[in-house]
1. Just checking, which of Ala76, Ala91, Ala100 is more than 23 Å from the chain's Cα centre (by Cα) and either surrounded by fewer than 16 Cβ atoms within 10 Å (Cβ to Cβ) or farther than 20 Å from Asp162 by Cβ (or both)?
2. When only residues in the range 163-196 that are over 18 Å from the mean Cα position of the chain (by Cα) and among the acidic types (Asp, Glu) count, which is farthest from Tyr117 (Cα to Cα)?
3. Conditions: (1) more than 19 Å from the chain's Cα centre (by Cα); (2) under 14 Å from Phe108 (Cβ atoms); (3) not β-branched (Val, Ile, Thr). Trp131 meets all but one. Number of the miss?
4. Filter the range 133-153 for residues that are surrounded by fewer than 19 Cβ atoms within 10 Å (Cβ to Cβ) and touching a residue at least 60 places away in the same chain (Cβ under 8 Å) and give the result.
5. Find the strands (runs of 3 or more DSSP E) located wholly in the range 70-148 whose residues include 1 or more that are over 30 Å from Glu205 (Cα atoms), and list them.
6. Determine which single condition Ile89 fails, assuming it passes every other condition in (1) touching a Ser or Thr at 6+ places or on another chain (Cβ under 7 Å); (2) at pLDDT 95 or above; (3) of a type in the set (A, V, I, L, M).
7. Among the residues of the range 128-172, write down those that are closer than 30 Å to Thr103 by Cβ, touching an Asp or Glu at 6+ places or on another chain (Cβ under 8 Å) and of a type in the set (Asp, Glu).
8. Scan the range 99-114 and give yes if some residue there is farther than 19 Å from Val69 by Cβ and free of Cβ contacts under 8 Å to residues at least 60 places away in the same chain, otherwise no.
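The values are calculated or read from the model by the stated rules, or taken from the named source; none is laboratory data. The structure presented is a predicted model; accordingly, all values stated were derived computationally and were not measured. Cβ sites come from the backbone with ideal geometry, for glycine too, and all protein chains shown count toward neighbours.
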Amino acid sequence: MVKNKILLGLLSIFAVFLMAACGNGETQPNEESQSTETESKSEEEMDMESDSGGHMEHSADEMSSSGEVPEDLKEAENPTYEVGSRTIIEAEHMQGMDGAEATISGAFDTTVYTVSYTPTNGGDPVEDHKWVIHEELEGPGEAPLEPGTEVTLDADHMKGMDGATATIDSAEETTVYMVDFVTTDTEEEVQNHKWVTESELAPVE
C-alpha cells in the first residue's frame, strides 16, 4: 500500500516535469519565430525608407505644402502631363503614395537633385532625399551641380530641412511636377506635394 503511494507520487512528479518540458519545447520555437518576424519586418521597413528618400515615417500633413514655388522657377512649356490632368504615381516617397491617382498642380523645367543631410532640428540623418530642385538651394551657381557638392537647402519639404547643409548625391535635368493625391492606405489628402519627376508618373488607363 505504501509502495503504491510512493510509486503514485513519483509518477505524479514525473508527469509534472514532463508537462513543463513539453511546454518549454513548444514556446521556444514560437518565440524564435516571432523574433525572426520582427527582425524581418524591421529590415523591410528600413529598405522601404531608404528607397523613399527618408519620407516613409512622415504624415500626409507634412508632405503637403502651400503650393508656393521659387520666383525664378520656370513653368514647363510643353509638359507631358499638363496642369489639371490626372496621372498615376509610381514612386514611394511616403507610405500610401505608390499607385495613387494624382492631379497635376504644377509642372516646371529644372534640375532635380537627390541629397543627403542632417536635419537642423536634431533628427536622424536623411539619405538620398527625393527631390530638391536647383532653385531650392542657397546661391548654387550654374546647374547642374556635381555629386559630392556641399550645399545649403532653402526648402521646407520636411521639418529640419530648411537651412540644413546637404551633399548632392545625384542630378537630373527634367520636368518636375507638384501633385495632389489621396494616400492609398489611410486615404489622407496630400496637397501640392513637391516633387515628382516625369519618370515617376504614368498615364491613367
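1. Working: Ala91 fails: more than 23 Å from the chain's Cα centre (by Cα); Ala100 fails: more than 23 Å from the chain's Cα centre (by Cα).
Going through Ala76, Ala91, Ala100 in turn, just one is more than 23 Å from the chain's Cα centre (by Cα) and either surrounded by fewer than 16 Cβ atoms within 10 Å (Cβ to Cβ) or farther than 20 Å from Asp162 by Cβ (or both): Ala76.
2. Among those residues, the one meeting the criterion is Glu173.
3. (1)
4. Glu135
5. 101-117, 126-133
6. Among (1) touching a Ser or Thr at 6+ places or on another chain (Cβ under 7 Å); (2) at pLDDT 95 or above; (3) of a type in the set (A, V, I, L, M), the lone unmet condition for Ile89 is (1).
7. Listed by number, the residues that qualify are Asp128, Glu135, Glu136, Asp154, Asp156, Asp162, Asp169.
8. no
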